[in-house]
Amino acid sequence: MKKILVATILAVFALGLFGGCEKKIEGNFLPLAVGNSWEFVSNTNDANGNPISARVRISGKVKVGNDDCYEADTYYNVGGAGQLLTKEYFAVRPDGVYSCKKDDFDAKKNAFSENLAIPPQKVLPSELKIGEKWNWKGKIGDLELEANTEVQGQDKVTVFGKEYDCVIVYTEATTKGSDYLTSKKWYAPGVGYVKEEAVIGKLVIMDMKDFNVQK
C-alpha cells in the first residue's frame, strides 16, 4: 500500500511548497469546480502494450476536518477498463490550495483506505512567485514524508499538438524509508497541470490529452 500511496502523492497534483520571492504570476493554476475534468496519457504501457491513461474529475464537495474540500477522483485505464483507484481532497484557503486527504483503493479489501494529511499539505499558493520555495514535513496515512518544492520558472510546453504557457513546479521528496521521489509539473493558467515528469523508481511521464474546465 505504501508504494501506491507514494505514487498517488506525486501522480495527481504537485506537492508545491513555497517560501518567498520576487516575480508574481497571475492566473488560476489549479481551477477547482465540481464537474471539471482532465485526461492524461502515460509513457508506460499495460500488459497488452497499450498506453496507460488516467481521467481526473472533480466529483463533489466533502467535509474533511474543518475544511470544505473538492473531491478529485482519478480513474486509471489499464487493459481497456477505467477503474476508480484514487481520491484526493483539496481545500481552498486564503493562502492557497491544500491537500487534506488521499485515499487509495485496496483491492484485497475491495474498499478505499483513508489517508489524512497531517498537517494538510499546501499544493499551490494563492499567488505564484518565480523562485519561491518551501518545505513540508508530515504524514499521509502511515507514510512519513518530507518534501522540498521550488517554482523554477516559466516555459512553453506542447502536448498532443497544443502549446501552453506554463509555470514549472519541481518537487523533491523523501519518505522515512529513504525512498527518493521527484516530480516536475508544468501548470497552465486556467487549465491546471498539463504535463508531469515523475521519478518513482523509474521515469513516468503524464501528458494531458484533453480537459473540461468551467470558465
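A few points about this structure:
- Option label - semi-axes √(5λ) of the Cα gyration tensor in Å computed here, alternatives (1) 23, 21, 18; (2) 36, 19, 16; (3) 30, 21, 14: (1)
- Segment 2-212: relative contact order as a whole-number percent, Cα under 8 Å and 6+ apart: 23
- With neighbour counts taken as other beta-carbon atoms within 10 Å, the residues Ser59, Ser99 rank, fewest first, as Ser59, Ser99.
- Qualifying aspartates and glutamates (Cα of each under 17 Å from Cα of Lys102; at least 8 residues distant if same chain): Asp67, Asp68, Glu71, Asp73, Glu88, Glu114, Asp142, Glu144, Glu146
- With the helix formula -39500 (n - 2.57) applied to DSSP H stretches of n ≥ 4, the chain reaches a computed 222 nm mean residue ellipticity of -1500 deg cm²/dmol.
- For segment 70-114, the relative contact order comes to 27 percent (Cα pairs under 8 Å, sequence separation of at least 6).
Coordinate-derived values only; no laboratory data. This is a predicted model, so every value here is computed, not measured. So basically every Cβ, Gly included, is an ideal-geometry build from the backbone, and we count neighbours across all protein chains shown.
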